[in-house]
Amino acid sequence: MVRLQAFQTAAREGGFVKVSESREGNVLWFRKCTVDMSTQTHQRMCIDSLTNSLTVYWITAPGKVNSKTFRAVSALQEWFKLTSETLVQR
């Protein structure tokens with residue numbers, strides 16, 4: 001439970017907002033507040049309490065969905081840092 005709360009906190013700090021929850025309460029969906037300028041879409045994020053993991057989904061081209069799964073909050077935070085540095089360098 002602590003890890004899931006830490007994932008939620010990291011998601012919010014990374015610019016994501018909660019958009020829905022499964023009826024059973026084991027899956028939370030988040031959406032990035034800002035739109036990706038190249039694809040005009042929002043990144044999505046799923047926190048799954050059954051697998052104790054978080055997966056980020058994003059579109060790189062029409063019909064092409066990429067994803068990355070994290071099992072540690074520190075890895076997610078590092079990925080946020082790396083992706084924001086990449087955007088700043090562009």
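The values are calculated or read from the model by the stated rules, or taken from the named source; none is laboratory data. Note that the coordinates shown come from a computational prediction; the quantities given were computed from them, not determined experimentally. Positions of Cβ are backbone-derived with ideal geometry, glycine not excepted, and every protein chain shown enters the neighbour counts. We work out accessible area using only protein heavy atoms, side chains counted, and drop any ligands, DNA or RNA first. Shrake-Rupley method; radii C 1.70, N 1.55, O 1.52, S 1.80 Å.
A Gaussian network model of the chain, with springs between Cα atoms under 10 Å, assigns the largest mean-square fluctuation among VAL27, VAL65, VAL35 to VAL65. Computed about the Cα centre, the dipole magnitude for the chain is approximately 100 debye when only Lys and Arg (+1) and Asp and Glu (-1) carry charge, each at its Cβ. Comparing mean-square fluctuations of ARG44, ARG12, ARG23 from a GNM of the chain with C-alpha springs under 10 Å, the top value falls on ARG23.
One Cα centroid belongs to the range 43-67, the other to the range 1-38; the line between them spans 11 Å. Calculated mean residue ellipticity at 222 nm for the chain: -10500 deg cm²/dmol, from DSSP H runs with n ≥ 4 weighted as -39500 (n - 2.57), summed, divided by the residue count and rounded to 500. When the chain is treated as a GNM with alpha-carbon contacts under 10 Å, the residue of LEU50, LEU76, LEU28 showing the greatest mean-square fluctuation is LEU50. Quantify, in whole percent, the carbon and sulfur part of the accessible surface of the chain (1.4 Å probe; protein heavy atoms only). In the chain, the share of accessible area belonging to carbon and sulfur is 53 percent. When percent of Cα pairs over 24 Å apart is computed from the coordinates, the matching label among (1) 44; (2) 20; (3) 17 is (3).
Of the GluC sites (Glu not before Pro) in the range 17-90, the ones in a loop by DSSP (not H, G, I, E or B) with at most 15 other beta carbons within 10 Å are GLU24. Relative contact order of the chain: 21 percent, from C-alpha pairs under 8 Å at least 6 residues apart in sequence.
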